[in-house]
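Notes follow the structure.
The values are calculated or read from the model by the stated rules, or taken from the named source; none is laboratory data. These numbers were taken from a predicted model, which means no experiment stands behind them. Neighbour counts run over all protein chains shown; Cβ positions are idealised from the backbone, glycine included. Calculation scope for accessible area: heavy atoms of the full protein, side chains included, ligands and nucleic acids excluded. Shrake-Rupley method; radii C 1.70, N 1.55, O 1.52, S 1.80 Å.
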Amino acid sequence: MNHSAAVPPEVTEDLRRILDDAGITENTDLVARILATGVGLGLDEADRLDLKIASAALTEMRAAFQLFAPYEDVPKVTIFGSARTLPDDALYRQASEVAAALAERGWMVVTGAGPGIMQAAAEGAGPHHSLGVSIRLPFEEKPNAVVGATARNVAMKYFFTRKLMLVKESRGFVCVPGGFGTLDEMFELLTLQQTGKADPTPIVLLDAPGGTFWSGLRRFVDDYLLSSNVISEGDFDRVLITDSVEAAVDELTGFYRNYDSLRWVGKRLVLRLKAEPTDAEIAALNARFGDLVSEGGIELRGPLTVEREDDDRLELPRLVLRLNQFRVGQLYRLIAAINELESAPAP
C-alpha cells in the first residue's frame, strides 16, 4: 500500500475548478480539502471497508448538518437514557416532564429517537420541539412515533457519528439512569468537558424521586476515582445530581443567565456576557480566578478584530483572558461566578 501519497498540484487545481463549476463560493478551501482527502484515500489504495466507513460517515454527517441547520439559533438540550424504560416507570415521567418544561421555555429536545427515555423526552417536548438522531440496529429499526411524525430525524449507521451529533448542537444535557450506552454518553460528556475539547455546558444527572442511581455513581467517583488520583478534586462538581425536574430546568437555563458564549482568538479566550460587569466585579473575578490565567488578567474588552470581521455577537460585552491550558477543565467555575454577579440579569 502507498501510504500518504501526496495529491498532485494539478489535481488540486482540477478540484478547485470543480468547485467553481458547481457554484460553491463559501469555505472553498475546506471543501477542496475534503475532496483532496478523498483523492488521497484512493492514492493510498485504502481497502474497500475503510473507504465505506469514510464515505458513510461523511454522508451521515451531511444529513445531520442539514437536519439541524434550520434550528441553529434555537437552544437545544440532549436527553440521554435507557431504551428499555417503560411508560409506567417514574423515570419515564421525569424525562417527559423535564422535556416539556424546557420546550415551554423555547428549547428544542434532541434524543436518540428510540423507545424508552428517548420516546418519553420526545413526547414531553412535542413533535415541533423534538429532533432525533437514531441508530440503525436490528432491534431498533425505526425512530419513535413522535420524531417520525415530523420527519425530524436522521438515521446513523455508526455510533461515533451519532454521538457527535447528539453532542455537537446542544447547549445542555440531561442524563436519566440507563445502561452501558447511557453511561458511555455521560462519561464522554465529562471527558470532553474535563479536557476542554468541548465548550462548557450544563450537565444534569436526573433521577426518579428518591432515586439513588446517580448518588451511587457519586460515591463510586469519590471512593475510587478521586481516592486513586485518576481524576482531580472537583471534577465531578461540574454536574448536578437531582431528582427535581424544576432544579434540572433551572440548572440548564441558569447556565446562560449572564454567560452567552465563548470564542478562542489565538491564545486569548473571549467570554461573551449578557450584562457588562463593574470594575469591582472584574477585580473580584481576578482575585478569585487568577490561577486560571497564564499571563495578564481578566479584562473587559470590546469585540476583537476577528470578531468584528465575522460580525460575531458584537453587541455583547466581553471578558478576555489568556487561559492556562492546564486549567481549561475548570472554566465552568468561572462561568458560574459570572452568572452570580450582581450585574447579571435577574433569573
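Overview of values
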{"item": "Any hit, segment 250-268, residues being open to solvent by 40 Å² or more (accessible area, probe 1.4 Å), of a type outside the set (D, E, K, R) and in contact (Cβ under 8 Å) with a residue 12 or more places away in the chain", "result": "no"}
{"item": "Complete set of residues in segment 207-260 that are among the small types (G, A, S) and within 26 Å of Q94 (Cβ to Cβ)", "result": "A208, G210, G211, S215, G216, S244, A247, A248, G254"}
{"item": "Selected residue (criterion: nearest to K157 (Cα to Cα)) from residues of segment 28-56 that are among the acidic types (D, E) and assigned to a loop (DSSP other than H, G, I, E, B)", "result": "D47"}
{"item": "Candidate set from segment 271-290 (those that are open to solvent by 80 Å² or more (accessible area, probe 1.4 Å) and either among the polar types (S, T, N, Q) or within 27 Å of the chain's Cα centre (by Cα) (or both)); member that is nearest to D260 (Cα to Cα)", "result": "K274"}
{"item": "Search result, residues across segment 321-335 that are in a helix (DSSP H, G or I) and touching a residue at least 24 places away in the same chain (Cβ under 8 Å)", "result": "Q325, R327, V328, G329, Q330, L331, Y332, R333, L334, I335"}
{"item": "Verdict on I298 being assigned to a strand (DSSP E or B), more than 30 Å from P177 (Cα to Cα), open to solvent by less than 40 Å² (accessible area, probe 1.4 Å) and among the β-branched types (V, I, T)", "result": "yes"}
{"item": "G172 being closer than 22 Å to Y332 by Cα and either at pLDDT 95 or above or surrounded by fewer than 21 Cβ atoms within 10 Å (Cβ to Cβ) (or both)", "result": "yes"}
{"item": "Unmet criterion (only one of (1) surrounded by 14 or more Cβ atoms within 10 Å (Cβ to Cβ); (2) charged (D, E, K, R); (3) on the phi > 0 side of the Ramachandran plot; (4) without any contact (Cβ under 8 Å) to a residue 40 or more places away in the chain) for R313", "result": "(4)"}
{"item": "The listed residue being touching a residue at least 40 places away in the same chain (Cβ under 8 Å) and either open to solvent by 70 Å² or more (accessible area, probe 1.4 Å) or in contact with a Lys or Arg (Cβ under 9 Å, 6 or more places away or on another chain) (or both), out of A32, A6, A64", "result": "A64"}
{"item": "Selection within segment 175-191 - assigned to a helix (DSSP H, G or I) and open to solvent by 10 Å² or more (accessible area, probe 1.4 Å)", "result": "F180, G181, L183, D184, E185, F187, E188, L190, T191"}
{"item": "Scan of segment 67-108 for residues that are among the hydroxyl-bearing types (S, T, Y) and in contact with a helix residue (DSSP H, G or I) (Cβ under 9 Å, 6 or more places away or on another chain), ordered by number", "result": "T78, S82, T85, Y92, S96"}
{"item": "Which numbered condition Q193 misses (of (1) at pLDDT below 95; (2) out of contact with any Lys or Arg (no Cβ under 7 Å at 6 or more places or on another chain))", "result": "(2)"}
{"item": "Near pairs, Cβ below 6 angstrom, 6+ apart or cross-chain, from segment 208-236 (more than 24 Å from I117 (Cα to Cα) and part of a helix (DSSP H, G or I)) to any residue that is open to solvent by less than 70 Å² (accessible area, probe 1.4 Å) and of a type outside the set (V, I, T)", "result": "V221/F236"}
{"item": "Criterion violated by D47 - all others in (1) open to solvent by 50 Å² or more (accessible area, probe 1.4 Å); (2) in contact with a helix residue (DSSP H, G or I) (Cβ under 8 Å, 6 or more places away or on another chain) satisfied", "result": "(2)"}
{"item": "Residue that is surrounded by the fewest Cβ atoms within 10 Å (Cβ to Cβ) [pool: residues in segment 80-129 that are among the basic types (K, R) and closer than 20 Å to D250 by Cβ]", "result": "R105"}
{"item": "Residues of segment 192-242 satisfying the condition of being under 25 Å from V98 (Cα atoms), within 23 Å of the chain's Cα centre (by Cα) and open to solvent by 70 Å² or more (accessible area, probe 1.4 Å)", "result": "D199, R218, D237"}
